[in-house]
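The values are calculated or read from the model by the stated rules, or taken from the named source; none is laboratory data. Bear in mind that the values here come from a model prediction, so they are computed numbers and not experimental data. As a convention, Cβ positions derive from the backbone with ideal geometry for all residues, glycine included, and neighbour counts pool all protein chains shown. In case anyone asks, the SASA skips ligands and DNA or RNA and just uses the protein heavy atoms, side chains included. Shrake-Rupley method; radii C 1.70, N 1.55, O 1.52, S 1.80 Å.
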Amino acid sequence: MKIRLSVIRESLIAEVISITGASLVGFGLVKTTGIIHSIPGMLAVIPGILALRGGVSGSLAARIGTALHTGIIEPRLEINPIIKTNVLSAITLGFAESILVALIAYVFTIIADVPSAGLHILLFVSVMGGTLAATIGSFTTLIIAFQVYRVGIDPDSVMGPIATMTGDVVAISSLFLAITVAKQLFGIG
Amino acid sequence: MSSMRKILTESFPILTIVTIVELLAGIQLEIRSETLITLPILLVFIPPINNLGGSFGSILTSRISTALSLGDMEPRFVRNENLEENIVGIIIVGLISSIYLGLVVYIVGYLTGIQSFPVTTSILFGILSGLMLTTPIVGVSVAVAFISWNLGLDPDNVSTPIITAIADALGISCVMVIMKLFGF
């Protein structure tokens, strides 16, 4: 019974925060559907890009949390080897994985026989949106983790849902921007 | 820069698997895009349903990993009080959260003027997706925790991305099944 209650206490708060945040992201998705749908195949790319930011900023948050606890970095935005390595890794991963997202999404649209705007456009939007999201997401994650640590909260216990939530917002906005640029550049819609 | 190489080589394979699973979810969205555009409230449901599964899956996995490290649990599917208590707790959280989910989506729809379902339908939608998600996610989380423990992988780096990706794919599938049930 003790274990059961501790599970409920620990996770209910995290669930409430992440469900509330995610519903707002859902609203953002509705507001951007028009523009997302104007590029055929784009809807297939969305979960891939959203997952990327989770994997990239989630593990960045975990590594920074550990580095703060062990005292190898100070909660300040400065150029030091640890921060540089972590941020560069996050951005490199974002770049490499978004190429993969576009390639696989394109193959899937062919297999499922749904229309797509073509590989070059999916690639452009995915790489621009994904890299932008990883870059902005990394710095936001860093700043929030430092801030949280400074007020005396353990980043390990709160950064998970927070990194996912801010990551979602950053990713949707970056994609929105990338799609807008692609539409201008390739003259779609 | 050797540690950058370490981060990249550890993360890349996992992120690749995760990406493929996520895109399986994405292609379902693309196939049903017309319905999703005409009934946008369904789109509002997708991120919270994904988060619901993802967060309780990763909580369960990390609790099991901790219990394994402390020696309170064996990595085998046998009757075990600690494991059962964790699972019961997670199922209760899942049910409460899914009622909350239905309510919050209704409120977001109401406040933002997106045409929504009546509040009872919205909550029913939440409960149905919660019920459909909980069982498979519990199974997958226990399996991932045991497998990564047995392979000696750090569950922090491996389990969470895998669980969230599976939860996303299952979550979107749930929305699709419910759309069929409700006749959209």
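Listing for the model above:
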read-out	value
The one condition in (1) in contact (Cβ under 8 Å) with a residue 40 or more places away in the chain; (2) open to solvent by less than 50 Å² (accessible area, probe 1.4 Å); (3) assigned to a helix (DSSP H, G or I); (4) β-branched (V, I, T) that B:T160 fails to fulfil	(2)
Those residues of the stretch B:79-98 which are at the interface with another protein chain (Cβ under 7 Å from one of its Cβ atoms), open to solvent by 10 Å² or more (accessible area, probe 1.4 Å) and not polar (S, T, N, Q), in sequence order	B:E85, B:V88, B:I92, B:I96
Filtered residue count, the stretch A:88-125, keeping only those that are surrounded by fewer than 17 Cβ atoms within 10 Å (Cβ to Cβ) and among the acidic types (D, E)	1
Any hit, the stretch A:60-67, residues being buried (at least 24 other Cβ atoms within 10 Å of the Cβ), modelled with pLDDT of 80 or more and not in a helix (DSSP H, G or I)	no
Subset of the stretch A:1-56 (residues that are within 21 Å of the chain's Cα centre (by Cα) and charged (D, E, K, R))	A:E15, A:K31, A:R53
Enumeration of residues in the stretch B:46-64 that are more than 8 Å from every other protein chain (Cβ to nearest Cβ), of a type in the set (S, T, Y) and crowded, with 21+ Cβ neighbours inside 10 Å	B:T61
Residue list for the stretch A:7-23, filter: free of Cβ contacts under 8 Å to residues at least 12 places away in the same chain and either open to solvent by 10 Å² or more (accessible area, probe 1.4 Å) or more than 7 Å from chain B (Cβ to nearest Cβ) (or both)	A:I8, A:R9, A:E10, A:L12, A:I13, A:V16, A:T20
In the stretch B:65-78, the residues that are open to solvent by less than 20 Å² (accessible area, probe 1.4 Å) and either at the interface with chain A (Cβ under 7 Å from one of its Cβ atoms) or over 20 Å from the mean Cα position of the chain (by Cα) (or both)	B:A67, B:L68, B:M73
Some residue of the stretch B:32-45 being in contact with an Asp or Glu (Cβ under 9 Å, 6 or more places away or on another chain), part of a helix (DSSP H, G or I) and either more than 8 Å from chain A (Cβ to nearest Cβ) or under 26 Å from A:G28 (Cα atoms) (or both)	no
Filtered residues of the stretch A:82-106 (kept if closer than 15 Å to A:G41 by Cβ and either more than 9 Å from chain B (Cβ to nearest Cβ) or of a type outside the set (V, I, T) (or both))	A:S98, A:A102, A:L103, A:A105, A:Y106
Residue within the stretch A:157-164 that is at pLDDT 80 or above and either under 30 Å from A:I121 (Cβ atoms) or of a type in the set (K, R) (or both) present	no
Sole exception among (1) crowded, with 22+ Cβ neighbours inside 10 Å; (2) within 14 Å of chain B (Cβ to nearest Cβ) for A:M165, by number	(1)
Residue list for the stretch A:165-182, restricted to those being modelled with pLDDT of 90 or more and either over 18 Å from A:T131 (Cα atoms) or β-branched (V, I, T) (or both)	A:I179, A:T180, A:V181
Residues located in the stretch A:74-117, provided they are in a loop (DSSP other than H, G, I, E, B) and either at pLDDT 90 or above or of a type in the set (K, R) (or both)	A:R76
Selection from the stretch B:99-128 of residues that are open to solvent by 40 Å² or more (accessible area, probe 1.4 Å), within 25 Å of B:T61 (Cα to Cα) and aliphatic (A, V, I, L, M)	B:I99, B:I127, B:L128
Meets criteria (within 22 Å of A:Y106 (Cα to Cα), more than 8 Å from chain A (Cβ to nearest Cβ) and hydrophobic (A, V, I, L, M, F, W, C)) for B:I17	yes
Count of residues meeting criterion [closer than 19 Å to A:I91 by Cβ, facing chain B (nearest Cβ under 8 Å) and without any contact (Cβ under 8 Å) to a residue 40 or more places away in the chain] in the stretch A:31-81	3
A:A171, sole failed condition from (1) in contact with a Lys or Arg (Cβ under 9 Å, 6 or more places away or on another chain); (2) among the aliphatic types (A, V, I, L, M); (3) free of Cβ contacts under 8 Å to residues at least 40 places away in the same chain	(3)
Count - residues of the stretch B:112-125 that are assigned to a helix (DSSP H, G or I) and facing chain A (nearest Cβ under 9 Å)	1
